1. Please enumerate, by chain and number, the lysines with C-alpha under 22 Å from the C-alpha of B:Lys135, excluding those fewer than 8 residues away in the same chain.
2. Could you state the orientation-averaged shadow area of the convex hull built on the Cα atoms of segment A:172-280, in nm² to one decimal?
3. Tell me the relative contact order for segment B:96-222 as a rounded percent, counting alpha carbon contacts under 8 Å between residues six or more apart.
4. Enumerate the lysines that A:Lys266 could reach by cross-link, defined here as Cα to Cα under 19 Å, with residues fewer than 8 away along the same chain left out.
5. Put +1 on the Cβ of each Lys and Arg and -1 on the Cβ of each Asp and Glu in segment A:143-292; which of A:Gly153, A:Tyr163, A:Pro203 then has its Cα farthest toward the positive end of the dipole?
6. Could you point to the residue in B:Tyr15, B:Pro28, B:Val42 farthest towards the positive end of segment B:1-124's charge dipole, with +1 and -1 charges on the Cβ of Lys/Arg and Asp/Glu respectively?
7. Could you grab the relative contact order for chain A? Cα pairs under 8 Å, six or more apart, rounded to a whole percent.
8. Name the residue from B:Pro232, B:Val183, B:Phe216 whose Cα lies farthest towards the positive end of the charge dipole of segment B:157-237, charges +1 on Cβ of Lys and Arg and -1 on Cβ of Asp and Glu.
Amino acid sequence: MSIYVNNSTRLLVQGVTGREGEFHTRQMIEYGTNVVAGVTPGKGGQVIEHLGARVPVFNTVKEAVTEAQANCTVIFVPPPFGCDAVLEALDAGVTGIVCITEGIPTQDMLRVHRFLMEAQGWMIGPNCPGVISPGKCKAGILPGNIFMPGNVGLVSRSGTLTYEIVNELTQAGLGQSTCVGIGGDPIIGSSFVDVLRRFEGDPETAAVVLIGEIGGNDEEVAAEFIRDKMTKPVVSFIAGKTAPPGKRMGHAGAIVSGSSGTAQGKIEALDAVGVAVANLPNEVPTLVKRVLQ
Amino acid sequence: MKIHEYQAKQILAKYQVPIPQGDIAATPEEAAAIAGKLGKRVVVKAQVHVGGRGKAGGVKLADTPDEAQAAASQILGMDIKGLTVEKVLVEEAADIAEEYYLGITIDRAARRNVVMVSAVGGVDIEEVAATTPEKIAKVHLDPAIGMMDFHTRILAIEAGLNPAAIRPASGFLKALYRAYMDVDASLAEINPLVLTAGGNLIATDAKINIDDNALFRQTKLAELREEQEEDPIEAEAHRKGLIYVRLDGNIGILGNGAGLVMTTLDVVQREGGRPANFLDVGGGAKAELVRSALETVLLDTNVKGVLFNIFGGITRCDEVAKGILDATAAMDINVPIVIRLTGTREREGQQLLQGTHLIPAASMQEAAQKIVELVSHAGKATFP
């Protein structure tokens, strides 16, 4: 069983009738994901049909759980409603949450995280591309065609940079067990450490690729975890080596403030605990092959 | 989003946080009038969105209205780290006995708001945190509980505040926390918090940063954004809804996704080039947005070449290609453009660009090498 999502995932899509929500619901069905329900308040009773799949739309998550036994949700609602959507899912007993929405206020996320811990759930995102276990399930917006089943786990703060590196891995014949885009916001549901802990316990994962970027100290905390708790080899790439301090590089969390959050500091922290850090994205497959030997 | 000290103080005043009497001035004459009205020693402070203004000479004491006028005329128009001072705050100078630090911000690793108090105030708190972290008392707040009295007692006592200050500091902290939460701040800082010789606490400086993601519900505060302080091209880009950061090189960089664009900057720099900007067109960009993004990058006259790096997921390569062709048809572009298009509908996108003067590249690496070479040759051709 892969981590987070697998063949027994019964996926709910919140915000299913919106432009992004509906488009990606179809994409997820095409990938083979078992999408069992959608929720859009006020649109209950509609049905989204695609490739023979029929996805009923409900007004509440509670109904989607009772009627369709959803056990995981992917959220596409607009940012002002993000906090409400996550809390509604947790309240209805859905403990697996993937939040794609970009722009949720940070204080909302602090509240969400508090109740996520109490509900003993997991959350990927917000502001993330989602999670995929190639060949089994895709919950999010990642382009399915570049992935290939295998034994390399991948965790990243970035979306398209993940695709870039996954593409390199796949072309080098290195398939993936699960790929997780944890998101670029300051407060996220799952940190590197949360995901690394799952990879360490996952029999389908032999090595892990960690893709970091400037800002915060999640990579440094990950380095300590790798040193103390991980037996599986880790390869890394860090984006933003040349980013100037004080400038927010797109992601809300990607900013070097003073001397903290620099790429150099992160690379040194990872290197010091034996992580092989690539200089360029296209060096990652070579390093993975080396640590797998 | 950053707001000025005087704006932060106006917010704090609404929460009954004691602040010095004073007002804002845009001319030396206004500064003199405010000082005259206060009738005592004043401090004239540059209002500019950058730290270190004191060291730069942006804060001056004045004993008389004439001195206040002279101080304001020195400070107004001053350049502090690239920003021009357009306003000064003129307020009564506090009679300082002790200086403390109070701050509330978000602790990313702990996923909690963290409150910090130190008896060492008036100095760079990052410096204190780096050299003597034990001098900063910290409490993480549970969002389900917020700030209670006991939190404030722990903070005041662990920070070693003067016993006379402990009770008023408690009220101060709770007011600061209410303001912080109500305005969706990502930082609220009073540094220094002054204990006066008369035994009162007063916030002589204040800094509040607002969470950009919350501006949709902080509409009054959103109006405080000051575009004239930003780089003009950055301001234009933000109006168009683009994520653009100006840098000081000569290669314009565009791509989809912050991590990918950051990496493109790194790879270009590694190849010996100097990026002129960071521009993320975001996910699912349509031709119109791509066109406007390219136009924005070319507003910077330093740009001698452009690199597009697209990895299509939800972004479709044919849409990007159309946007680039629209822009090149509408504008007279005389710098080389290298484009790497991979992912969703890449064949359609690449076909659209065939036969044009746009230079294709198969990988990010190759694209970076090509643009760096083209830009350095262009330089040599102009200056043989």
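1. B:Lys174, B:Lys207
2. Orientation-averaged projected area of the Cα hull: 6.9 nm².
3. In percent, rounded to a whole number, it is 28.
4. Within the straight-line cut-off, A:Lys266 pairs with A:Lys229, A:Lys241, A:Lys247.
5. A:Tyr163
6. B:Tyr15
7. Reported as a whole number, the value is 14 percent.
8. Value: B:Val183.
All of the numbers you see were taken from the coordinates with simple rules; none came from a lab. Everything numeric here is computed off the predicted structure, so don't read it as measured data. Note: ideal-geometry Cβ built from the backbone for every residue, glycine included; neighbour counts use all protein chains shown.
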